[in-house]
Amino acid sequence: MKLSFDVSDTQDETFFGREGSGAIEYRERTFESECFHNRTAEVLDWDTESFPELFGEFIDEKGFVSGDLLYLRLPADDIGAIRAAEAAGFYFIESSIIPFLKTRHWDRHRYERYVCPMVEIDDERIGEVKEIARATFRGLRFNLDPHVGDQRADERYLRWLMNAYEGGEDICAIMHHGSVAGFSLLRHEDGGKTVFRLAGMRPDLKNAGLGMMLYASTVARCQDRGVKHIDGGISMANCPVLNVMANLGFSFRDPTIVFHYYVE
């Protein structure tokens, strides 16, 4: 499962087309650029009725070159914007949705048989988490893009994971015979909110019934810590985890579609 793998390390910028032809709001993604050894940017919004033409002007005027990558997210029901993106050369990568749960509505007793103690990951265990994460990454969007490739995508996600760990974010795990069986990465925010950023299971333990244990234990951990609201983000292709979360009482909102554009 994943949420917000994006690293907001730059400010939003606006490109204005010639002769009042419109504007494109975008953000340079220096973290991805360093990992992918290119220039990566996110298109945030546009104000024009002719996006393909304006986008072509944007690519030329802002100096994007072969090998650079741009991406955007669109609401799944914004058909006009989706068609405009496709006409400009963007290609589909994934659909995603946000699961959310208010912990005061969560009946822990109903899931008590799945709840087990979780271990906080430290320097001794982080290597195990990294190995599990490598397998988890293969279903994430940068790995799905053949223009990025697994090697560069893995480097990006591993650096992101280690930045989260070194930054003190909460990485907790369920154990199996003394080893990490699965982990959750959580970002606790002000106001009693927690963002479920990533979860992963050891590949050899998948389909062993531990998925419900991992997610139920994570929710219980948040509830014990006074967390009021949990949300995250997950690919709509990840049916097993969607089913687990639905069975745990999560609701879902804001389906989006992610598109990429690779500069030839």
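For His260, His176, His37, what's the fewest-to-most ordering of other Cβ within 10 Å of each Cβ? Please list the in-between numbers first.
Details: His260 21, His176 16, His37 9.
In order of increasing Cβ crowding within 10 Å: His37, His176, His260.
List the relative contact order of region 140-255 as a percent without decimals, with contacts defined as Cα pairs under 8 Å and 6+ residues apart. Don't skip to the answer; put the middle values down first.
Values: 109 pairs, mean separation 20.5, N = 116.
Relative contact order here is 18 percent.
Indicate, rounded to the nearest 5 percent, the antiparallel portion of the DSSP beta bridges found entirely in the chain.
Numbers: 48 of 55 bridges.
Beta bridges within the chain, antiparallel portion: roughly 85 percent.
Which translational diffusion coefficient, to the nearest whole µm²/s, is obtained for region 1-137 from the Stokes-Einstein equation, given a Kirkwood hydrodynamic radius over C-alpha pairs, 20 °C and 1.002 mPa s?
On the way: Rh = 18.6 Å.
In µm²/s, the coefficient is 115.
Within region 126-170, report the trypsin sites (Lys or Arg not before Pro) that DSSP leaves as loop and that have at most 14 other Cβ atoms within 10 Å. Don't skip to the end; give the middle numbers.
Values: sites: Lys130, Arg134, Arg138, Arg141, Arg152, Arg156, Arg159; in loops: Arg138.
Qualifying residues, ordered by number: Arg138.
For region 13-97, what proportion of DSSP beta bridges, expressed in % and rounded to the nearest 5, is antiparallel? Spell out each step's value before the answer.
Details: 10 of 13 bridges.
Close to 75 percent.
How far is the Cα center of region 26-63 from the Cα center of region 140-180, in Å?
Centre-to-centre (Cα) distance: 26 Å.
Please check: in the Gaussian network model of the chain (C-alpha springs, under 10 Å), which one of Met245, Met118, Met162 has the largest mean-square fluctuation.
Looking only at Met245, Met118, Met162, the largest GNM fluctuation is found for Met162.
In a shell of Cβ-Cβ distance under 12 Å around Val65, excluding Val65 itself, what net charge do Lys and Arg (+1) and Asp and Glu (-1) give?
Details: positive: Arg39, Lys62; negative: Asp60, Asp68, Glu264.
In short, -1.
Mind checking which of Ile24, Ile98, Ile59 has the largest fluctuation in a GNM of the chain, springs on alpha carbons under 10 Å?
Evaluated over the chain, the most mobile residue of the options is Ile59.
Quick note: the coordinates plus some simple rules give every number you see, no bench work behind them. What you are looking at is a predicted structure, and each value in this text was computed from that prediction instead of being measured. Don't worry about glycine lacking a Cβ; one is built from the backbone with ideal geometry, like all the others, and counts go over all protein chains shown.
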